[in-house]
Amino acid sequence: MLLEIENLKLLYGRIEALHGISLHVDQGEIVALIGANGAGKTTTMKAISGLHAISGGSIRFDGTDVSRLRADLRVIRGIGQSPEGRGVFPGMTVLENLEMGAYTRRDKADIAKDLAMVFELFPRLAERRKQAGGTLSGGEQQMLAVGRALMTRPKLLLLDEPSMGLAPKLIQQIFEIITRINEQGTTILLVEQNAQQALSRAHRGYVLETGRIVKEGTGQELLHDPAVKEAYLGVA
Amino acid sequence: MDFAELVRGFPELTTTGLVQGAIYALIALGYTLVYGVLRLINFAHSEVFMIGTFGAIWTWAVFGLDSNSGAPSVPKALLLIALAIVAAALLSGSVALLIEVTAYRPLRRRNAPPLAFLITAIGASYALMELMGTLTQRRQVGAPALLPTKTVISIGGWSITPVQLLTLVVAVLMMVGLDWFVNKTRFGKGIRAVAQDANTAALMGVNKSRVIALVFVLGGLMAGVAAVFSDMKSGNTRYNIGFLLGLKAFSAAVLGGIGNLRGAAIGGLLLGLVENYGSALFGSQWRDLIAFVVLIVLLMFRPTGLLGESLGRARA
Ligand SMILES: Nc1ncnc2c1ncn2[C@@H]1O[C@H](COP(=O)(O)OP(=O)(O)OP(=O)(O)O)[C@@H](O)[C@H]1O
Ligand SMILES: [Mg+2]
C-alpha cells in the first residue's frame with residue numbers, strides 16, 4: 001500500500017471537518033475521491049500533503065508514518081500535489097514555475113528529462129514558457145499546476161479538481177493526460193466534481209459526505225451505484 | 001522659498017542626497033524583504049541597523065582607532081572599512097536572525113494574529129534601543145575619520161568625496177547582488193515562492209522557516225552595510241539613531257512599493273534626493289517633515305507606491 005489513511009480527524013478551530021476517514025491507495029492505482037461542495041475533499045488533500053495538521057488518526061506513506069512530518073519534507077518523500085485553485089506563482093514565468101516543482105531535486109539531467117516530458121504532455125506550456133504565470137488563462141494555469149506537480153517526480157500525485165474551470169474539450173484532454181501519467185507509472189489520488197469522468201478512469205473510488213467516507217468500490221461499481229448516480233452523476 | 005539656493009547647490013545636493021538615499025535604500029531593503037514574505041512590518045529592523053553602527057565602531061576600536069585618531073594610509077583605511085563592513089553585516093544579520101527566532105517564530109507557532117506581531121516588533125525595537133542606550137550610557141560615540149575628506153573627482157561644479165564615492169559604489173553592488181540572489185538563485189526562488197504563495201511553496205518542498213530566517217539575515221546584512229556608511233558619513237552614532245533613520249527607510253520602502261526590492265532601492269534614493277532639494281528650498285528645519293509629506297502625497301495618488309506589487313511580482 002502506498003498510502004494508508006486510518007481514522008483521520010481534522011479540526012478547523014473547534015469545528016471538526018473530517019470525522020475519522022479511512023482510505024488507501026495502492027501502487028499504480030488511480031483512486032477517485034468524490035463528494036459535494038464542502039464534503040472535505042480538499043481538507044483531506046491538505047492533511048495528506050501536510051498543509052494542515054491532523055487531530056487524530058494516522059497517515060502512512062510508503063511504509064512510514066508521515067502524520068507529523070512537515071509539508072516540505074513530505075514532498076521529498078514523494079507526495080506531489082496540484083492544489084485546488086492551482087496555486088500558480090503569478091510573478092514567475094511558466095518555466096520558473098516548473099523549476100519550482102524541481103526545487104528539492106539536484107539531478108540536473110533527470111530534471112531536464114522531466115521538463116521535456118511535461119512540455120510533451122502540455123505543448124501549450126512550451127509555447128508560453130517565458131510568460132508570467134499570473135497572465136495565463138485558467139486552463140493554462142491548470143496545466144501548469146499539474147505539470148509542476150509532476151516536476152516533483154512524485155510517487156503519489158494528488159490532483160485537486162484538475163478539470164475545474166476548463167472547457168469540455170479540455171476536460172476530456174486533461175483526463176486523458178491523467179490516464180497517461182498513470183500508465184507511465186505514477187500513482188494518483190484524484191479529487192473531482194466531475195464524477196462521471198473521474199470514476200470511469202479510476203480503478204477505485206471513495207464517496208465523501210460531510211467529513212465521512214460513505215461509500216467505496218471500484219470505479220465501475222460506483223458509476224452504476226443508484227445512490228451515487230442520483231447524487232453525483234445528475235441521473236434521476 | 002529659495003530657488004537660488006537650490007540652483008546654486010544643485011550638484012552638491014544631488015551627491016549628498018544620493019549618498020543619504022543609498023543608506024535609506026539599504027535599510028529599506030530589510031523592511032521590504034520581511035514584508036514581502038511575512039506581510040509583517042518589522043519595526044525592530046531600525047535597531048538591527050543601529051547595532052550595526054556600533055559594530056563598525058567597535059571593530060575600528062579593536063584596531064586602536066577612535067574619533068581622535070589620525071587618518072591611516074588609504075590602503076589601510078580601505079582594509080579597515082572592508083573589515084567593518086563584514087563585522088557590522090554579520091552582527092546586524094545575527095541580531096535580525098535572533099529577533100526572528102526568539103520573537104516572531106514562537107508567535108507563528110501559536111498562529112498569533114497580526115496585531116501580536118506588530119506589538120512584538122515595537123517591543124523588540126524598544127528593548128534593543130534601551131539595551132544599547134544602557135550599554136553606551138546614552139552617549140554619542142564617535143567614529144574615526146578614515147578617508148581624506150578632500151574631493152577625488154571634480155567635474156565642473158560637481159564633486160564627490162572618497163566616502164561618498166565608496167558609499168554609492170558599495171550600495172549599488174549590494175543592491176545588484178541582492179537582486180541577482182533573489183531572482184536567479186535557488187534560494188532566491190524559494191524566497192519569491194513563499195512571498196507569492198506560502199502554501200504552494202511548501203508543496204514544492206520549500207522550507208518556509210528557513211526562507212523566513214534567510215530574509216531576516218539578508219535584510220540584516222544590508223542594514224549592517226548601511227550602518228558602516230552612516231558612521232562614516234556622520235562621524236558618530238548613538239543608541240537612538242535607528243529611530244528616525246529607520247522610519248525614513250521604512251517610508252522609502254513604502255514609497256517604492258513595499259515588498260518590492262527594486263522599489264525599495266528607488267524609494268530610498270528618491271527620498272534622499274527630495275529631502276535634500278526640499279531642505280534647500282524651504283530651509284533645513286523642514287527636512288524631516290518634507291520626507292513624510294512627500295510620502296503622504298504620493299500614497300494619495302499611488303496607494304501601492306511607485307513600483308507597487310509584491311516581492312515576487314517585481315518581475316512580472
Ligand atoms: N480554513 C478553513 N477554516 C474553517 N473551515 C474550513 C476551512 N477550510 C475548509 N473549511 C470547511 O471545511 C469543510 C470542508 O471543506 P473542503 O474545502 O475540504 O471541501 P471540498 O470537499 O474540497 O469542497 P469543494 O468541492 O467545494 O472544493 C467545509 O465546510 C469548509 O467550509
Ligand atoms: Mg475542494
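The values are calculated or read from the model by the stated rules, or taken from the named source; none is laboratory data. Everything quoted here is computed from the prediction, not taken from an experiment. Every residue, glycine as well, gets a Cβ built from its backbone with ideal geometry; the counts of neighbours run over all protein chains shown. When the accessible area is computed, the model is the full protein with side chains, heavy atoms only, and any ligands, DNA or RNA have been set aside. Shrake-Rupley method; radii C 1.70, N 1.55, O 1.52, S 1.80 Å.
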> Among the candidates A:Ile174, A:Ile79, which residue alone is in contact with a Phe, Trp or Tyr (Cβ under 8 Å, 6 or more places away or on another chain) and away from ligand 2 (no atom under 16 Å from the Cβ)?
Replying inline: A:Ile79
>> Where the second residue is open to solvent by less than 60 Å² (accessible area, probe 1.4 Å) and the first is modelled with pLDDT under 80 and lies in the range B:150-163, which pairs have Cβ atoms under 6 Å and are six or more apart or on separate chains?
In response: B:Thr151/B:Ser159; B:Thr151/B:Thr161; B:Val152/B:Pro162; B:Ile153/B:Ile160; B:Gly157/B:Pro11
>> Within the range A:1-36, take every residue that is touching a residue at least 12 places away in the same chain (Cβ under 8 Å) and not in a strand (DSSP E or B) and give me the one that is nearest to ligand 1 (Cβ to nearest atom).
In response: A:Ala36
> Can you name the number of the only condition in (1) closer than 23 Å to A:Arg105 by Cα; (2) buried (at least 17 other Cβ atoms within 10 Å of the Cβ) that A:Gln184 fails?
Replying inline: (2)
> Within the range A:58-76, which residues are within 9 Å of another protein chain (Cβ to nearest Cβ) and either in a helix (DSSP H, G or I) or open to solvent by less than 20 Å² (accessible area, probe 1.4 Å) (or both)?
Replying inline: A:Ala71, A:Asp72, A:Leu73, A:Arg74, A:Val75, A:Ile76
> Which one is surrounded by the fewest Cβ atoms within 10 Å (Cβ to Cβ) among residues in the range A:108-118 that are more than 14 Å from chain B (Cβ to nearest Cβ) and free of Cβ contacts under 8 Å to residues at least 12 places away in the same chain?
Replying inline: A:Ala109
> In the range A:19-48, which residues are within 13 Å of ligand 2 (Cβ to nearest atom) and either of a type outside the set (Val, Ile, Thr) or in contact with a Lys or Arg (Cβ under 6 Å, 6 or more places away or on another chain) (or both)?
Replying inline: A:Leu33, A:Gly35, A:Ala36, A:Asn37, A:Gly38, A:Ala39, A:Gly40, A:Lys41, A:Met45, A:Lys46, A:Ala47
> Being under 28 Å from A:Ala17 (Cβ atoms), away from chain B (no Cβ under 14 Å), open to solvent by 20 Å² or more (accessible area, probe 1.4 Å) and touching a residue at least 60 places away in the same chain (Cβ under 8 Å), is that true of even one residue in the range A:77-100?
Replying inline: no
>> So B:Leu146 ticks every box in (1) at pLDDT 95 or above; (2) over 11 Å from B:Phe43 (Cβ atoms) but one. Which box is left unticked?
In response: (1)
> Looking at A:Ala227, A:Ala198, which is the one that is open to solvent by less than 10 Å² (accessible area, probe 1.4 Å), of a type in the set (A, V, I, L, M, F, W, C) and in a helix (DSSP H, G or I)?
Replying inline: A:Ala198
> How many of the residues in the range A:37-57 are open to solvent by 10 Å² or more (accessible area, probe 1.4 Å), within 14 Å of chain B (Cβ to nearest Cβ) and either within 13 Å of ligand 1 (Cβ to nearest atom) or not in a loop (DSSP other than H, G, I, E, B) (or both)?
Replying inline: 6
> What tally of residues in the range B:233-287 results from selecting those that are assigned to a loop (DSSP other than H, G, I, E, B), surrounded by fewer than 24 Cβ atoms within 10 Å (Cβ to Cβ) and on the phi < 0 side of the Ramachandran plot?
Replying inline: 2
